[in-house]
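The values are calculated or read from the model by the stated rules, or taken from the named source; none is laboratory data. Predicted model, so just to flag it, every value in this text is computed and none were measured. Cβ placement follows ideal geometry from the backbone for every residue including glycine, while neighbour counts extend to all protein chains displayed. Side chains included, ligands, DNA and RNA excluded: accessible areas come from the protein's heavy atoms. Shrake-Rupley method; radii C 1.70, N 1.55, O 1.52, S 1.80 Å.
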Amino acid sequence: MSSSPQTDFFYDAYNRDDIAYGLEPSAALAAYLSQVDVAPSGGLRAIDLGAGAGRDSLALASAGYHVESVDLSERGLARIAERAAQRNLADRVRTRLEDVRKIDFPRDYYDAVIATTVLDHVPASDAETVWQRMCDSLSSTGFLYVQVHTTEDPGSGLPPGNTSTSPVSETAGAVINYFRPNQLAAMAIDVKSKLRILRYEERLEWDYTHGPEHQHGKAVLLAVRSGYHPPWYGQPAAFPRAEPTK
Ligand SMILES: C[S@@+](CC[C@H](N)C(=O)[O-])C[C@H]1O[C@@H](n2cnc3c(N)ncnc32)[C@H](O)[C@@H]1O
């Protein structure tokens, strides 16, 4: 079955010349990749769940990861393959037209697990199941990056988003599971998750990457496997080592 606007909610968003969500990777993910040098070890594995048109997948591939990009949008995956080829990264990116709720997550396998606004696109009970599988699939030196829409989003049917007068995203109809305050943080500190939080934030943001300008409420989590201590100085890096004076 080929992708069409009838079968793919995100078809139009990914079919434009000016592809939705742009090419800038998620900021905390980019900060992590810029500080924790993965190149020397090589052969690292990443999975990008709900990869869209690939802004995070491409950043991971550029940093040296072999990336599996999973999405239900065939058009989005085609744009990922096209963008990867343009950057000579085709051998580092494998697209998978699959539902994140139905894929296998090998245990202790991925060095990076990314879910940028997909756990909020599935029912809450499915999100909990996928979350636990994501955590279990992380290697001992892996990192996890998750972003979700929260009830602060003007598209949310719950307060305070439902009282907001800010403009709503053109793709808000795909978000069915707005996270409550602290909900993602609580999942991250649950002992079953086996994570150590590097960064957690709940924020409002304005989005100019697709459709008319609109506002979002988001929760953002960057974490590593508990017991792992990579050289992370924060976002922005607060007190990195000074460059030697010449
Ligand atoms: C808001 S977009 C985010 C895309 C990308 N992560 C980014 O930040 O640019 C959400 C994506 O999740 C995908 N998606 C939604 N539910 C999914 C599911 N159950 N399995 C796989 N992908 C899904 C959609 O097709 C869409 O591409």
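For the reader, a short list of remarks on this structure follows.
- The residues of region 92-105 that are open to solvent by 50 Å² or more (accessible area, probe 1.4 Å), touching a Ser or Thr at 6+ places or on another chain (Cβ under 8 Å) and more than 10 Å from the ligand (Cβ to nearest atom), listed by number, are Arg94, Thr95.
- Look at (1) among the small types (Gly, Ala, Ser); (2) touching a Leu at 6+ places or on another chain (Cβ under 8 Å); (3) open to solvent by 10 Å² or more (accessible area, probe 1.4 Å) and you find that Ala84 fails only one, number (3).
- Filter pass, Thr150 being surrounded by 22 or more Cβ atoms within 10 Å (Cβ to Cβ), within 17 Å of the chain's Cα centre (by Cα) and over 30 Å from Arg92 (Cβ atoms): yes
- Hey, Ala127 of a type in the set (A, V, I, L, M), within 11 Å of the ligand (Cβ to nearest atom) and either free of Cβ contacts under 8 Å to residues at least 60 places away in the same chain or more than 23 Å from Ile80 (Cα to Cα) (or both) or not: yes
- Qualifying position, being modelled with pLDDT of 95 or more, within 30 Å of Asp136 (Cβ to Cβ) and not in a loop (DSSP other than H, G, I, E, B), among Leu158, Leu184, Leu204: Leu184
- From the options Leu23, Leu77, Leu58, Leu89, residue that is closer than 26 Å to Arg199 by Cα and either open to solvent by less than 60 Å² (accessible area, probe 1.4 Å) or in contact with a Phe, Trp or Tyr (Cβ under 9 Å, 6 or more places away or on another chain) (or both): Leu58
- Taking region 115-138 as the range and being open to solvent by less than 10 Å² (accessible area, probe 1.4 Å), over 18 Å from Val175 (Cβ atoms) and not in a loop (DSSP other than H, G, I, E, B) as the test, the residues that pass are Met134, Cys135, Leu138.
- From the options Arg107, Arg79, residue that is modelled with pLDDT of 95 or more and within 26 Å of Gln215 (Cα to Cα): Arg79
- Residue check for Ser69: under 19 Å from Tyr21 (Cβ atoms) and open to solvent by less than 10 Å² (accessible area, probe 1.4 Å): yes
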